[in-house]
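Read through the structure below, which is laid out as structure tokens, and then see the notes.
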Protein chains: 2
Amino acid sequence: MALRSRESTGRTGNRTPVKERLLHVATRLFARHGFEGTSVQDIVDAAGVTKGAMYHYYGSKDDLLYEVYHQVLSMQLSHLDEIAAGPGTAEQRLREAAADVVRTSLDNLDDMIVFFRSLHMLPDDKQVQVRAERRRYHDKFKALVEEGVAAGTFRADISADIVVHYFLSVVNQLGSWYRPDGPLSPAEVGDLFTELLIGGLATR
Amino acid sequence: MALRSRESTGRTGNRTPVKERLLHVATRLFARHGFEGTSVQDIVDAAGVTKGAMYHYYGSKDDLLYEVYHQVLSMQLSHLDEIAAGPGTAEQRLREAAADVVRTSLDNLDDMIVFFRSLHMLPDDKQVQVRAERRRYHDKFKALVEEGVAAGTFRADISADIVVHYFLSVVNQLGSWYRPDGPLSPAEVGDLFTELLIGGLATR
DNA sequence: GGGGTCATACCGGCCAGTCGGTCTAAAGTT
DNA sequence: AACTTTAGACCGACTGGCCGGTATGACCCC
């Protein structure tokens, strides 16, 4: 053996670093078979390494799961920060934010599937962290809605909290019905859902 | 031993039949800890019986899970059938249907939590059955939307399929944020969400 | 005395995590 | 320039525990 053709890990022609490769295949497997339905052995097999490698980079199987959450959450939160602080009326920025969160979720469908299905498998302390991040997103989104209400653009008889729960539910469930090979692109779905949201919010 | 104080299963003063009690505690535990996070031992302990009892009434752990789905789905489908066939305009009936599905879901929150989180744990054949039932619900709901579009009440530029996915997502996610001890009753949430849906659908 | 209703003991399999070890390449050392 | 040391990257056999499911038989009511 030992024909390890330099360039680090060989076997298949896969050249992405082991650590990221592990996270990637783990996300995929978690999405397909669930967290509990995926053994560590499955993951390392799919990544073309062994358990030693995985436990070298990650402290536990839970760690891997946490990384999935952290990655997608921090990405979406930074998007929202940027949009909320940008120019435009409250309605314009809410439209952007809504379309963006749908689009990015559809672009990372596997992460979303894992997200809404396996949160409860995390150990309590990490679960608290995730919920806190999620809450920050929720509140930021809510602030946008409240701005629109204050401006008279949106109806005031439905609390912003409920509206946000309403719309983020739609986002979190994307993975349960959307098929990438279907007729609608992520951007199209984003636009349609944004329309439905704004329509429901608009004052008559 | 053998101080079984008649009245069937004794230990605690619980008098509901064992079979239903098992399903009930199983639902509760599945909702709290997930399907895979709940062992058969946990279930029978909580029900105050032993494994012998459980495997007497149910063929497997999966069976228990399937019962949860079947129960809530058939209930909601029969509701929808009745509403759709009832009197009123398309909009009126859609309002009723939307409010009802939210209300009944909130009244059976544990079932909903299990529902959207553990479907993938079912063996393939049962999963197919559940999806078929779900599809019937989806299609019936969709027909209502299409009726409203045909009548000119709802906008025609958003496909009914997307609208149904949109709203049922909201329903399926209820378990992830609603707290029974919160400020809103199930009926209130139903009304608010119905408003948001109809508003988004209405022609301008 | 037979059918329904459970209890108890037990098995085989899987699975997260561990641990000692190997390989390699860069960093000192002389 | 050869030689040693060190540290990171990764391997893979092993284990201890849990978990779904089964086999067998006791108890009770008709």
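The values are calculated or read from the model by the stated rules, or taken from the named source; none is laboratory data. Just so it is clear, the structure is predicted and the values come from calculations on it, not from any experiment. Ideal geometry is used to build each Cβ from the backbone, glycine not excepted, and the neighbour counts take in all protein chains shown. Surface areas here come from the heavy atoms of the whole protein model, side chains and all, with no ligands, DNA or RNA. Shrake-Rupley method; radii C 1.70, N 1.55, O 1.52, S 1.80 Å.
Suppose we keep only residues that are among the small types (Gly, Ala, Ser) and surrounded by fewer than 14 Cβ atoms within 10 Å (Cβ to Cβ) within region B:59-95. Which one would you say is farthest from the chain's Cα centre (by Cα)?
B:GLY88
Condition check: within 14 Å of chain B (Cβ to nearest Cβ) and within 14 Å of DNA strand C (Cβ to nearest atom). Does A:SER60 satisfy that?
Considered against the rule, which asks whether it is within 14 Å of chain B (Cβ to nearest Cβ) and within 14 Å of DNA strand C (Cβ to nearest atom), A:SER60 comes out as no.
Of all residues in region B:169-183 being surrounded by fewer than 20 Cβ atoms within 10 Å (Cβ to Cβ) and either touching a residue at least 24 places away in the same chain (Cβ under 8 Å) or of a type in the set (A, V, I, L, M, F, W, C) (or both), which is nearest to B:VAL114 (Cα to Cα)? It would help to see each step written out before you state the result.
As a first pass, look at region B:169-183 and keep what is surrounded by fewer than 20 Cβ atoms within 10 Å (Cβ to Cβ): B:176-183.
So of that shortlist, the ones also either touching a residue at least 24 places away in the same chain (Cβ under 8 Å) or of a type in the set (A, V, I, L, M, F, W, C) (or both) come out as B:176-178, B:180.
Values: B:SER176: 11, B:TRP177: 14, B:TYR178: 14, B:PRO180: 17 Å.
So, considering only residues that are surrounded by fewer than 20 Cβ atoms within 10 Å (Cβ to Cβ) and either touching a residue at least 24 places away in the same chain (Cβ under 8 Å) or of a type in the set (A, V, I, L, M, F, W, C) (or both), the one nearest to B:VAL114 (Cα to Cα) is B:SER176.
Which condition number does A:VAL128 fail, the rest of (1) more than 19 Å from A:THR89 (Cβ to Cβ); (2) at pLDDT 95 or above; (3) within 20 Å of the chain's Cα centre (by Cα) being met?
(2)
I'm checking my understanding of the structure. Among residues of region A:147-168 that are more than 10 Å from chain B (Cβ to nearest Cβ) and under 19 Å from B:VAL189 (Cα atoms), which one is most open to solvent (accessible area, probe 1.4 Å)?
Among those that are more than 10 Å from chain B (Cβ to nearest Cβ) and under 19 Å from B:VAL189 (Cα atoms), it is A:ALA156.
Every residue in region A:29-51 that is part of a helix (DSSP H, G or I) and within 14 Å of another protein chain (Cβ to nearest Cβ), please.
Result: A:LEU29, A:PHE30, A:ALA31, A:ARG32, A:HIS33.
What residue, among those in region B:16-52 that are away from DNA strand D (no atom under 13 Å from the Cβ), closer than 23 Å to A:PHE35 by Cβ and out of contact with any Gly (no Cβ under 9 Å at 6 or more places or on another chain), is least open to solvent (accessible area, probe 1.4 Å)?
B:THR27
With the checklist (1) more than 12 Å from every other protein chain (Cβ to nearest Cβ); (2) open to solvent by 50 Å² or more (accessible area, probe 1.4 Å); (3) at pLDDT 95 or above in hand, flag the one item B:LEU144 doesn't pass.
Among (1) more than 12 Å from every other protein chain (Cβ to nearest Cβ); (2) open to solvent by 50 Å² or more (accessible area, probe 1.4 Å); (3) at pLDDT 95 or above, the lone unmet condition for B:LEU144 is (2).
Can you find, within region A:63-97, the residue that is farthest from the other protein chains (Cβ to nearest Cβ) among those that are within 17 Å of A:ARG134 (Cα to Cα) and within 16 Å of DNA strand C (Cβ to nearest atom)?
A:GLU67
With respect to the numbered conditions (1) modelled with pLDDT under 95; (2) in the same structural domain as B:GLY152 (by TED's automatic domain parsing), which one is the sole condition not fulfilled by B:VAL49?
(2)
Does B:ASP100 qualify as being touching a Pro at 6+ places or on another chain (Cβ under 8 Å), away from chain A (no Cβ under 13 Å) and touching a residue at least 24 places away in the same chain (Cβ under 8 Å)? Give the steps one after another, and end with the answer.
Details: touching a Pro at 6+ places or on another chain (Cβ under 8 Å): no; away from chain A (no Cβ under 13 Å): yes; touching a residue at least 24 places away in the same chain (Cβ under 8 Å): yes.
When the stated conditions are applied, B:ASP100 does not pass them.
Being open to solvent by less than 50 Å² (accessible area, probe 1.4 Å) and more than 7 Å from chain B (Cβ to nearest Cβ) is the filter here; which residues of region A:185-200 pass it?
The answer is A:SER185, A:PRO186, A:ALA187, A:VAL189, A:GLY190, A:THR194, A:ILE198.
Between a first residue in region A:75-89 that is β-branched (Val, Ile, Thr) and a second residue that is part of a loop (DSSP other than H, G, I, E, B), which pairs have beta carbons less than 9 Å apart while being 6 or more apart in sequence or on different chains?
A:THR89/A:ALA151; A:THR89/A:THR153
Would you check if A:SER118 is in a helix (DSSP H, G or I), in contact (Cβ under 8 Å) with a residue 40 or more places away in the chain and either among the small types (Gly, Ala, Ser) or touching a strand residue (DSSP E or B) at 6+ places or on another chain (Cβ under 7 Å) (or both)?
yes
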